[in-house]
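A short write-up of the structure that comes next.
Just so it is clear, none of the values below were taken in a lab; they were calculated from the coordinates. Computed from a predicted model, the values in this text were never measured in an experiment. Glycine gets a Cβ as well: all are built from the backbone with ideal geometry, and neighbour counts include every protein chain shown.
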Amino acid sequence: MEKIQFVTEDNENVEFYVIEETKINGMNYLLVTDSEEDDDEEAAAYILKDLSSDDDEEAVYEFVEDDDEIEYVSKIFSEILDDIDIEL
């Protein structure tokens, strides 16, 4: 599992593990988790949206917080990943 590091607006370093990536309507999304263990039932999963522009040196992501968007994107990830159950 690929590990990526993010720097928050408060300049905190946060690490996540990328489960899957997809592009929907021209927007890139990442499904990430805070645990490297595939079978960790306590692990939290998050959907991140790529807000980067072509001019950005580094990728800019934000947590998806809109309930409708979360539901729609999580269904796509569930279809891609048959063996993962995503609970909202």
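The table below gives the values:
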| read-out | value |
| --- | --- |
| Identity of the residue in the stretch 66-83, in contact (Cβ under 8 Å) with a residue 40 or more places away in the chain and among the β-branched types (Val, Ile, Thr), that ends up surrounded by the fewest Cβ atoms within 10 Å (Cβ to Cβ) | 80 |
| Complete set of residues in the stretch 53-65 that are more than 14 Å from the chain's Cα centre (by Cα) and either surrounded by 10 or more Cβ atoms within 10 Å (Cβ to Cβ) or in contact (Cβ under 8 Å) with a residue 40 or more places away in the chain (or both) | 56 |
| Some residue of the stretch 24-34 being surrounded by 10 or more Cβ atoms within 10 Å (Cβ to Cβ) and not in a strand (DSSP E or B) | yes |
